[in-house]
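The values are calculated or read from the model by the stated rules, or taken from the named source; none is laboratory data. Since the structure is predicted, the reported quantities are computational estimates derived from the model, not experimental observations. In this analysis, Cβ positions are derived from the backbone assuming ideal geometry, glycine residues included, and neighbour counts consider all displayed protein chains.
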Amino acid sequence: MILYFSGTGNSEYAAKRIGEACRDETVSLFEKIRSRDFSPMHSDSPWVVAIPTYAWRIPRIVQEWLHRTSLSGNRNIYFVMTCGGNIGNAGNYLKKLCAAKGLNYMGCAEIVMPENYIAMFTAPAKEEALAIIGQAEQVIDNAALLIKKGEPFIQPAVTVKDKLNSGFVNNIFYPAFVHAKKFYATDACISCGKCAKVCPLSNIHLDRGKPVWGKNCTHCMACICRCPAEAIEYGRHSRGLVRYVCPKVTVQG
Ligand SMILES: Cc1cc2nc3c(=O)[nH]c(=O)nc-3n(C[C@H](O)[C@H](O)[C@H](O)COP(=O)(O)O)c2cc1C
Ligand code: SF4
Ligand code: SF4
């Protein structure tokens, strides 16, 4: 079974491509995470988890879901991490998570996809994004082939910088940067409610037709990137930047 979480579609695309190649079921974790549904799951085929990289590790909301949810049946589990640059030493933490759950860690594939973190960086325009995805497809297909054969992913060497990024930097990243304080809606807002609908943490509600952000944000970039009116900004940084949604998928919501 292929499980995925995706803010802006990259990981959904990777998950569905692997699902098609392996002829396996693809399940979104969006509703489960949103409703805090940790009910047990079963799969006879290997587990595959496709997720974005947040500060060189898997998203903490996915980590919590995996930690709390019992996965029965097949004991092998593969991870497919989409990223804008690299996944650092994420694999090391996944190995520990798997050991605690009694799952056989089969490796973590690094899939370089378009950057979506427009609260801090910039996202590519459609043409460039399609070129990056074109290159990623080969890596995704190689990963699918290894999953089909039941072979582990080949693990790249980990540098000191990778260890620092996934360890120390990840630990300070969440408390220092991951909050919704800088989000606001401009007059372009058409009160459609999509931002509230696509938030995996139900962190947005509409007040007199305009979004209001709460304190429970994981910076997935779904609200700001998927607003149909491009009416959401993150401080001054996001002004004028391309909003990124994977051009190959229609993401949930
Ligand atoms: C909060 C946040 C943190 C990120 N951290 C990293 C990172 O550490 N390394 C990296 O290469 N990309 C990073 N990215 C980029 C995303 O991992 C990448 O664009 C991913 O493919 C997005 O997946 P999605 O479309 O499925 O949400 C980050 C993005 C966000 C929103
Ligand atoms: S998605 Fe955009 S247009 Fe729709 S309610 Fe939210 S801010 Fe307004
Ligand atoms: S508020 Fe926006 S960025 Fe934060 S978790 Fe919800 S959708 Fe993602």
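A few remarks follow.
- Exactly one residue among A185, A180, A196 is surrounded by fewer than 20 Cβ atoms within 10 Å (Cβ to Cβ) and out of contact with any helix residue (DSSP H, G or I) (no Cβ under 7 Å at 6 or more places or on another chain), and that residue is A196.
A quick yes/no check of all residues on (1) more than 22 Å from A144 (Cα to Cα); (2) within 16 Å of ligand 3 (Cβ to nearest atom); (3) under 17 Å from the mean Cα position of the chain (by Cα):
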site	(1), (2), (3)
S11	no, yes, yes
W47	no, no, yes
W65	yes, yes, yes
R68	yes, no, no
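- Scanning the stretch 165-207 for residues that are closer than 17 Å to C220 by Cβ, part of a helix (DSSP H, G or I) and of a type in the set (G, A, S) returns a single hit, A196.
- Residue that is polar (S, T, N, Q) and either within 16 Å of ligand 2 (Cβ to nearest atom) or in a loop (DSSP other than H, G, I, E, B) (or both), where the choices are S45, S11, S72: S45
- Answer from N170, N216, N203 - the residue that is in contact (Cβ under 8 Å) with a residue 40 or more places away in the chain and either buried (at least 19 other Cβ atoms within 10 Å of the Cβ) or more than 10 Å from ligand 2 (Cβ to nearest atom) (or both): N170
- Long-range neighbours under 8 Å by Cβ, at least six apart or interchain, first residue in contact (Cβ under 8 Å) with a residue 40 or more places away in the chain within the stretch 46-62, second acidic (D, E): V48/D24; A50/E12; W56/D162
- Residues satisfying the stated conditions in the stretch 123-164, i.e. aliphatic (A, V, I, L, M) and not in a helix (DSSP H, G or I): A123, A125, I154, A157, V158
- Only a single item in (1) more than 13 Å from ligand 1 (Cβ to nearest atom); (2) surrounded by fewer than 20 Cβ atoms within 10 Å (Cβ to Cβ); (3) at pLDDT 95 or above is not met by M120, and it is number (1).
- No other residue among I87, I51, I33 is at pLDDT 95 or above, assigned to a loop (DSSP other than H, G, I, E, B) and of a type in the set (A, V, I, L, M) apart from I87.
- C225 satisfies every condition listed in (1) part of a loop (DSSP other than H, G, I, E, B); (2) within 17 Å of the chain's Cα centre (by Cα); (3) among the hydrophobic types (A, V, I, L, M, F, W, C) except (1).
Rundown of residues vs (1) hydroxyl-bearing (S, T, Y); (2) crowded, with 19+ Cβ neighbours inside 10 Å, yes/no style:
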site: T26; (1), (2): yes, no
site: S35; (1), (2): yes, no
site: D44; (1), (2): no, no
site: L66; (1), (2): no, yes
site: T82; (1), (2): yes, yes
site: G85; (1), (2): no, no
site: G91; (1), (2): no, yes
